[in-house]
Structure formats: structure tokens, C-alpha cells
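One structure is given here, and the rest of the page talks about it.
Please treat every number below as a calculation from the coordinates, not as lab data. Treat the numbers as computed from the prediction; the structure is a model and nothing was measured. All Cβ positions, even for glycine, are placed from backbone atoms using ideal geometry, and neighbour counts span all protein chains on display.
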Amino acid sequence: MVRIHGSIGDWPVDLTLELDEDDWARLAGQLGGQLQAGGAAQPVATGMASKPASQDDTLWQTAKDLLCQAGQMSGPELLEQLEGLTGSAAAGKRLLVRLRHCAQVKVISGADTPIYHWVP
């Protein structure tokens, strides 16, 4: 997780970026030459990849596995499953948003609800 705290003019900024191991690896691959040249950024990426999995990481992986095994699910059905998995509506919604933006998930507008498809 990377936290950016500061201001833009008079506006306060507090931004948190959550990247899983795949995201860190992809970022390191895209910035490979720059990371080697910069030197200082390399330990940050390596340190993040080697940390033990947190409960959030475990829930995220479980959410991806759930959709992968199902192949596709409607938004409300998936949200219900995620709420059951996390034990809270807010945490279930956060996972649903993460899935919506995941490269392995394609969201298609259904007649009444979005349909989440796992794309291998």
C-alpha cells in the first residue's frame, strides 16, 4: 500500500493506493529500466512482494477465486456472496469495486444488472 498525503493548492490530498503482488510485478516490469537506474525504488517493490499476506489479500484472492469458479455472476448475486464472505456490506462493496477494475474481470451491462465475467 502506498499513501500519498499533501495538498494541491489549498486542497488537502490523502490518497491510498492498494496494489496486490500482480500489480507490483506489472509496475516493476513496466518501470524495469527506471528502477534499475534509480536504485532506490527497487527495495520498495521487493519489500512489498515479500511481505506476508494480510487478511485483505486473502479476502481479495478468495473473491477472485469465487468469480473464477463461477465463470460469471450477476452484480447483486456477487455482492451477496462477497458480503457473506467478508461479514459486512461495506467490505463486500469494496471487493466488488476491486473486481470491477480487475484486469481478469469483464463487466457487461445486463438487462437489469451488471454481469461479472471472469476472463482467464
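A few comments on the model shown:
- Taking 0.36 nm per residue of separation and subtracting the Cα-Cα distance, full extension of the segment from ASP14 to ALA89 would add 24.6 nm.
- Label sites at HIS5 and GLN69, each approximated as a point 7 angstrom past Cα along Cα to Cβ, lie 3.9 nm apart.
- For LEU99, LEU79, the sequence from fewest to most other C-beta atoms within 10 Å is LEU79, LEU99.
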